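Working notes, beginning with the structure itself.
The values are calculated or read from the model by the stated rules, or taken from the named source; none is laboratory data. Source: prediction; values computed, not measured. With ideal geometry, Cβ positions are generated from the backbone for all residues, glycine too; neighbour counts draw on all protein chains shown.
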Amino acid sequence: MAAAGGGVGDSELRLLGKSSSPWVFRVRVALGLRGLSYEYIEEDLGNKSELLLRSNPVHKKVPVLIHGGRPVCESLVILQYVDEIWRGTGPPLLPSDPYDRATARFWAAYVDDKFFPAFSALFRSRTDEQRAEALQNALLVAETLERAFTECSRGKAFFGGDAVGLVDVTLGSHPIWIRAVDQTAGTNLLDGARFPDLAAWAERFMALGAVNEVVPDAGKLLEQYRASRAKWTAAADSS
Ligand SMILES: N[C@@H](CCC(=O)N[C@@H](CS)C(=O)NCC(=O)O)C(=O)O
């Protein structure tokens, strides 16, 4: 592994994760972009390990990056930690200009605070009525992200410009799940006609080597989502 900059060996970088987790996926992409190797430990979230409970006693969630024995929790915090520690081993996730950096942090927070709850409501919708309402909200948020892409990318391929940046990795957690929802629920959140920049960005991001190496199996996610949805629909029908 490139222990560059961090000053630790391979065995000292471990990631506690769950393969289907979007939050874990984004951390794995960031580690891959830096060319870092690490020990990946798959957690059973129904029976959390002592290591996870000890490493993230506040939230008890994955991902947790353990670097030289010290845990770093929360995916956005981990992304920025990786960016600071392993600077110089690939394009930085955060730009050097303070205003551009603040802008990237703003949109990354928007993805987690606004996009994810809106998408999650669509993901979990049980009835046609709930789905229609959730889709309207999610489309409004996607519209804002389409504008954010124009502002951040300045005509380049990624939110980060020529290279993938913090917003790319943060939002990049979600296209695979959006596709699963679109294919199952008949929605069109990644609508190329309505959101041409966002749809093209998603294609470009998903084609990256660092993404392909760690992307969860789309077929399995689709199966998992269809099974959950069948359960929710049955529960809604019987209530
Ligand atoms: N805000 C957290 C979210 C992490 C998260 O929700 N992780 C889920 C897996 S997808 C988890 O560990 N859930 C276990 C639990 O809620 O008990 C982050 O960005 O890291």
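Against the definition (crowded, with 20+ Cβ neighbours inside 10 Å, in the same structural domain as residue 122 (by the TED database) and modelled with pLDDT of 95 or more), how does residue 207 come out, yes or no? Break it down stepwise before answering.
Working: crowded, with 20+ Cβ neighbours inside 10 Å: no; in the same structural domain as residue 122 (by the TED database): yes; modelled with pLDDT of 95 or more: yes.
Criteria not met by residue 207.
Identify all residues within the range 207-239 that are farther than 11 Å from residue 180 by Cβ and more than 18 Å from the chain's Cα centre (by Cα); write none if there are none.
227, 230, 231, 232, 233, 234, 235, 236, 237, 238, 239
List pairs: first residue in the range 223-235 and in contact (Cβ under 8 Å) with a residue 12 or more places away in the chain, second residue of a type in the set (D, E, K, R) anywhere in the structure, Cβ distance under 8 angstrom, at least six positions apart or on different chains.
The qualifying pairs are 232/124; 232/126; 233/126; 235/126.
What's the total number of residues in the range 55-81 that are within 30 Å of residue 154 (Cβ to Cβ) and over 15 Å from the mean Cα position of the chain (by Cα)?
Residues that pass the stated criteria total 1.
Just one of 163, 200, 234, 185 is exposed (fewer than 13 other Cβ atoms within 10 Å of the Cβ) and over 22 Å from residue 40 (Cα atoms); which is it?
Details: 163 fails: exposed (fewer than 13 other Cβ atoms within 10 Å of the Cβ); 200 fails: exposed (fewer than 13 other Cβ atoms within 10 Å of the Cβ); 185 fails: exposed (fewer than 13 other Cβ atoms within 10 Å of the Cβ).
234 is the lone residue from the list that is exposed (fewer than 13 other Cβ atoms within 10 Å of the Cβ) and over 22 Å from residue 40 (Cα atoms).
For the range 46-151, which fully contained helices (runs of 4 or more DSSP H) count at least 2 residues that are of a type outside the set (Asp, Glu), in contact with a Cys (Cβ under 9 Å, 6 or more places away or on another chain) and surrounded by 13 or more Cβ atoms within 10 Å (Cβ to Cβ)? If you could, list the steps in order and put the result at the bottom.
Numbers: elements: 50-55, 75-85, 98-110, 116-124.
So the answer is 98-110.
Hey, could you check the range 63-76 for residues that are without any contact (Cβ under 8 Å) to a residue 40 or more places away in the chain and more than 8 Å from the ligand (Cβ to nearest atom) and say which is farthest from residue 19 (Cα to Cα)?
From the range 63-76, those without any contact (Cβ under 8 Å) to a residue 40 or more places away in the chain are 70-74; that's our starting set.
Pick out the ones that are also more than 8 Å from the ligand (Cβ to nearest atom) and you get 70-72.
Values: 70: 22, 71: 19, 72: 18 Å.
Only one residue tops the list, namely 70.
For (1) basic (Lys, Arg); (2) within 16 Å of residue 206 (Cα to Cα); (3) at pLDDT 95 or above; (4) within 12 Å of the ligand (Cβ to nearest atom), each residue gets a yes or a no:
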residue	(1), (2), (3), (4)
11	no, no, no, no
15	no, no, yes, yes
26	yes, yes, yes, yes
30	no, yes, yes, no
41	no, no, yes, no
44	no, no, yes, yes
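Among the listed residues 161, 209, 192, which satisfies the condition of being on the phi > 0 side of the Ramachandran plot and of a type outside the set (Val, Ile, Thr)? Reasoning before the result, please.
Numbers: 209 fails: on the phi > 0 side of the Ramachandran plot; 192 fails: on the phi > 0 side of the Ramachandran plot.
When all the criteria are applied, what remains is 161.
Report whether or not residue 181 is within 20 Å of residue 133 (Cα to Cα), of a type in the set (A, V, I, L, M, F, W, C) and not assigned by the TED database to the domain that holds residue 30. Spell out the reasoning first.
Numbers: within 20 Å of residue 133 (Cα to Cα): yes; of a type in the set (A, V, I, L, M, F, W, C): yes; not assigned by the TED database to the domain that holds residue 30: yes.
When the stated conditions are applied, residue 181 passes them.
Of all the residues that make up the range 67-82, how many are of a type outside the set (Val, Ile, Thr) and closer than 17 Å to residue 107 by Cα?
Of the residues in the range 67-82, the ones of a type outside the set (Val, Ile, Thr) are 67-71, 73-76, 79-81.
Cutting the leftovers down to closer than 17 Å to residue 107 by Cα gives us 74-76, 79-80.
Residues meeting the conditions: 5.
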